Amino acid sequence: DVKVTQSSRYLVKRTGEKVFLECVQDMDHENMFWYRQDPGLGLRLIYFSYDVKMKEKGDIPEGYSVSREKKERFSLILESASTNQTSMYLCASRKPPGTESSHEQYFGPGTRLTVT
Amino acid sequence: GNSVTQMEGPVTLSEEAFLTINCTYTATGYPSLFWYVQYPGEGLQLLLKATKADDKGSNKGFEATYRKETTSFHLEKGSVQVSDSAVYFCALTSNSGNTPLVFGKGTRLSVIA
C-alpha cells in the first residue's frame, strides 16, 4: 500500500514564525502536491513538483515556498506565518503520466495548522 | 481552464435512503473523472474513477457514469449507511502531461440512523 505521511497532525505557531510542513511518500512517485483545505473552498493547490528539484506554482502560491531535495520528500514552507494561513494542509503523490493508475493521487492524513 | 462544480451541502439522509451528489465539469479534450472521499479526521482517498466517456466507475456500492454529452459525473448509491458519512469530492484531470487534479468544493454527507 502507498503511504504518504505528514510530519504533524496538529501544529500551533505564532504570527511571523517560519513553519516547515514535511511530507514523505514511500512509493517512489515522481509527482508530489501540496493543497490547503478550507470550509466552503474545497482543496486549493499551492505548489506541486514533477521530480526532484523541480517545482511549479499552483493556484495560491503566495506566502509559501517548497523544497524537493529528495524524491520521497516534499516540504512546504511558510516563510512568515500569518493568521490567514490557518488551515488544513494536505500532501499527495502520484506516479508520472503514462504509467498504470498514474492519475490516482494518494493523500496524507493532513496537518491542521493554527497560526495565532 | 478546467473546472468542477458539485452540489453544495450539507446533505442529510436517513439510513437506507438513495443518494445522488451532482457533479458537472468543464474541460478541454477528454479528461479522466474521479470521486474522492474524506472520512472524519483523515486525508482523501479514491472512491472511484472513469477514464473515458460512458465508463461507469463503482466501489463500495457507489457508482458514477462518465456522461460526455452532459459533462457530468454524478455519484449515486442505492442505500446509504451511517458509515458513509463523509465529505465527497469530484475531481478531474486532463490525460496529457503532468496536470494536477482539479477538485470541486466538496459535499458533506451526514447519514442518520
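A short reminder: the numbers here are calculations on the coordinates, not readings from a lab. The structure presented is a predicted model; accordingly, all values stated were derived computationally and were not measured. With ideal geometry, Cβ positions are generated from the backbone for all residues, glycine too; neighbour counts draw on all protein chains shown.
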Completion exercise
Which residues qualify? For B:Leu48, with a placed amide H closer than 5 Å and at least 5 residues away or on another chain, they are B:Trp35
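Order these by the 10 Å Cβ neighbour count, fewest first: A:Asp26, B:Asp84.
On the way: A:Asp26 12, B:Asp84 20.
Ordered from fewest to most neighbouring Cβ atoms within 10 Å, A:Asp26, B:Asp84 come out as A:Asp26, B:Asp84.
For chain A, which longest stretch is free of loop sites, where a loop site is one of the trypsin sites (Lys or Arg not before Pro) that DSSP puts outside H, G, I, E and B and that has at most 13 other Cβ atoms within 10 Å?
Numbers: sites that count: A:Lys3, A:Arg9, A:Arg14, A:Lys18, A:Lys53.
It runs A:54-116.
Sorted from fewest to most neighbouring beta carbons within 10 Å, what does the list B:His74, A:His103 look like? Please list the in-between numbers first.
On the way: B:His74 18, A:His103 22.
Fewest-to-most ranking of B:His74, A:His103: B:His74, A:His103.
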Exercise for the section: Run the dipole for the protein assembly as shown about the Cα centre, Lys and Arg Cβ at +1, Asp and Glu Cβ at -1, nothing else charged, and hand back the magnitude in debye, nearest 20. Expected result: 500
Practice task
Using θ = phi - 60° and the Karplus relation 6.51 cos²θ - 1.76 cosθ + 1.60, list the HN-Hα couplings for the range A:40-53 in order, rounded to whole Hz, with x at every Gly or Pro.
Solution key: x, 10, x, 9, 10, 7, 8, 8, 9, 9, 7, 6, 4, 6
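Using DSSP to define loop residues, name the chymotrypsin sites (Phe, Trp or Tyr not before Pro) in the range B:18-113 whose beta-carbon has at most 14 other beta-carbon atoms within 10 Å. If you can, show how the numbers build up before the last one.
Numbers: sites: B:Phe18, B:Tyr25, B:Phe34, B:Trp35, B:Tyr36, B:Phe62, B:Tyr66, B:Phe73, B:Tyr88, B:Phe89, B:Phe103; in loops: B:Phe18, B:Tyr66, B:Phe73.
Sparse-neighbourhood loop chymotrypsin sites (Phe, Trp or Tyr not before Pro): B:Phe18.
Determine, from the Cβ-Cβ distance of B:Thr70 and A:Arg14 and an R0 of 41 Å, the FRET efficiency 1/(1 + (r/R0)^6), rounded to the nearest 0.05.
Numbers: r = 50 Å, r/R0 = 1.21.
For B:Thr70 and A:Arg14, the calculated efficiency is 0.25.
Working out 0.36 nm times the residue gap between A:Arg44 and A:Thr5, then minus their Cα-Cα distance, what length gain in nm do you get to one decimal?
Details: separation 39, 0.36 × 39 = 14.04 nm, distance 1.94 nm.
Net length gain for the segment: 12.1 nm.
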Fill in the blank from the handout: Most fluctuating of A:Glu72, A:Glu104, A:Glu30 in the GNM of chain A (C-alpha, under 10 Å) is A:Glu104
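To the nearest 0.05, how large is the calculated FRET efficiency for A:Glu22 and A:Thr83 if R₀ is 25 Å and r is the Cβ-Cβ distance? Don't jump to the answer; show the numbers that get you there.
Numbers: r = 22 Å, r/R0 = 0.89.
Efficiency, rounded to the nearest 0.05: 0.65.
What order do you get for B:Val102, B:Val11, B:Val82 when you list them from fewest to most C-beta neighbours inside 10 Å? It would help to have the intermediate numbers written out before the result.
Working: B:Val102 22, B:Val11 17, B:Val82 11.
Lowest to highest Cβ neighbour count: B:Val82, B:Val11, B:Val102.
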